[in-house]
Structure formats: C-alpha cells, structure tokens
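Participant: Here's a structure for you.
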Amino acid sequence: MGRLYRVLRKVVCAVTRRYRVEWAEPFIDEPCIFIGNHAGAYGPLEMAAKFPFRDKQWIWCNEGIMNRETCADYIRHDYWWPEDSKLAGFYNRVIPPIVARILPRILQSATTIPVFHDARITRTFRESAQKMEEGNHIVIFPEQADGFQSHKDEINMGWLTLCPLAQTRLGKTVRMYPVHVDHHKHVFRVGAPVLYDSARSQDDQRDEIADKLTKGLRGITA
C-alpha cells in the first residue's frame, strides 16, 4: 500500500460517514472472496476505505483504468455520464484526460490487483491466489455496466477460475461472500457465504453460484 493511497483513505474516512456491517452469518476468519456491487463508484470506494478488512484485502481493478495510456479511453466507454446528456460531448473531451493524469496513480498506490483481458489474465489469478495464501481476502466487483448507473442482469463469472486455484493453495474450501453496499443507509450487508464445491465442475455450479451471489450483492433477501 502506497503513501498516496494511505493519505487519501484517511481523508475519505475523515470527511464521510462511517459504515456499519450487517452479517447474515458469523464470519469465519480465513481467506475468502468478497463479491460486491458497484453502486456507481461508491461500492469500490467504500469497500476500499471502510470495509472491516481494508488492511488485509486486495481489490480486483481493470488494468485499463490503472494504465495512464488507456485510462482516458476506458472512461469514455464506461458510462460515467448519460450518453444523451447535452454536455456529453464536453465531458468526453475534458474529463477523461484530466482523470487519466490522476486516477492511475491512486489505483497503483492502492492494494489492487490488475485484471487483464488477454492471456495475461493468468497473472491476475496467480497473484490473487498468492495473496490469499498469505492470509488476505480478495474483493471483486463483477457487475457489467449497461448504461449510466445501470448494469446487466447477469454478472461476470470469469473470476470463478480463482476458486479451484485458491483451494489448491489453501487446502480448504473457498468461501464467497456477497456484499451489498448500501450507500444511502451507510451499511455493508454481507450475505451468507457461498461455497465452491471442488467435487463439481465449474460449469456445473457456475449458474447456481452466480444466482446466489447476484441476489446477495444487490440486496435481494427474498
């Protein structure tokens, strides 16, 4: 964790409201995977700054936005503002290059793991499994943007490959906890853990795991 990130985290915590945590079940203190909702930018921000395990967690972050060379293009195509806004053209020209000078430095200073979208994804999995073996937790935000402040019904499940890899390293079952970040009520609602079954194939359990995690991260209790 870099100095820049430590300073910014203290500032965020000092000027914003605290969060409380609601657990569906008592937490078993061992390396696990937390699956959170975006809530705009608030999900990653609040999880990074205020979640109870912020000092022993590593957050998956798209490598494109961590890279100064590609950050601006990433922002232009990631629905940071309504596409039909009268100021959309102005936003596209002005905001991305400014953010690209600042955001990558912050993200590189934080406890983040770059997520690649090519053959280098194996590096993401290896580093994540290593961090878990060292006693840390992994935080992933799998919702897929589908317009300004909206997401597709289904979540990205490509990260599930991490589970068998981590289980091999840890020698125990990997627990996945859905986390609903309620920015309006300032609470983290952590659902019951979903277990990865090493006796079943990924394809066989993918939909079942996705359904449980999707409901949990979006705060659906029924």
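Participant: If you take the residues in region 40-63 that are small (G, A, S) and crowded, with 19+ Cβ neighbours inside 10 Å, which one is nearest to E22 (Cα to Cα)?
Facilitator: Across region 40-63, the extreme among qualifying residues is G43.
Participant: OK, next. I need the full set of residues from region 57-84 which are of a type in the set (D, E, K, R) and either within 17 Å of V7 (Cα to Cα) or free of Cβ contacts under 8 Å to residues at least 24 places away in the same chain (or both), in order please.
Facilitator: E69, D73, R76, D84
Participant: Need pairs with beta-carbon distance below 7 Å; first residue on the phi < 0 side of the Ramachandran plot and free of Cβ contacts under 8 Å to residues at least 40 places away in the same chain and within region 193-222, second part of a loop (DSSP other than H, G, I, E, B) and of a type in the set (F, W, Y); sequence gap 6+ or separate chains.
Facilitator: none
Participant: Out of A129, A41, A72, which single residue is more than 27 Å from G171 (Cβ to Cβ), among the hydrophobic types (A, V, I, L, M, F, W, C) and in contact with a helix residue (DSSP H, G or I) (Cβ under 8 Å, 6 or more places away or on another chain)?
Facilitator: Numbers: A129 fails: more than 27 Å from G171 (Cβ to Cβ); A41 fails: in contact with a helix residue (DSSP H, G or I) (Cβ under 8 Å, 6 or more places away or on another chain).
Unique residue meeting the criteria: A72.
Participant: Could we say that G147 is of a type in the set (G, A, S) and either within 20 Å of T124 (Cβ to Cβ) or surrounded by 13 or more Cβ atoms within 10 Å (Cβ to Cβ) (or both) here?
Facilitator: Against the criterion (of a type in the set (G, A, S) and either within 20 Å of T124 (Cβ to Cβ) or surrounded by 13 or more Cβ atoms within 10 Å (Cβ to Cβ) (or both)), G147 does not qualify.
Participant: In region 2-20, which residue that is touching a His at 6+ places or on another chain (Cβ under 8 Å) and not hydroxyl-bearing (S, T, Y) is nearest to F188 (Cα to Cα)?
Facilitator: The residue in question is R20.
Participant: Got a number for residues in region 152-181 being outside any helix (DSSP H, G or I) and crowded, with 17+ Cβ neighbours inside 10 Å? Please lay out each step first, then the result.
Facilitator: Looking only at region 152-181, we keep the residues that are outside any helix (DSSP H, G or I), and these are 152-157, 171-181.
Filter once more, so that each one left must be crowded, with 17+ Cβ neighbours inside 10 Å: 155, 174-181.
Matching residues across region 152-181 total 9.
Participant: Return the residues of region 185-213 that are of a type outside the set (A, V, I, L, M, F, W, C), surrounded by fewer than 18 Cβ atoms within 10 Å (Cβ to Cβ) and part of a loop (DSSP other than H, G, I, E, B); say none if nothing qualifies.
Facilitator: Of everything in region 185-213, those that are of a type outside the set (A, V, I, L, M, F, W, C), surrounded by fewer than 18 Cβ atoms within 10 Å (Cβ to Cβ) and part of a loop (DSSP other than H, G, I, E, B) turn out to be K185, H186, D197, S198, R200, S201.
Taken together, the values in this text are just the output of simple stated rules run on the coordinates, not laboratory data. Just so it is clear, the structure is predicted and the values come from calculations on it, not from any experiment. Note that each Cβ is placed from the backbone with ideal geometry, even for glycine, and that neighbours are counted across all protein chains shown.
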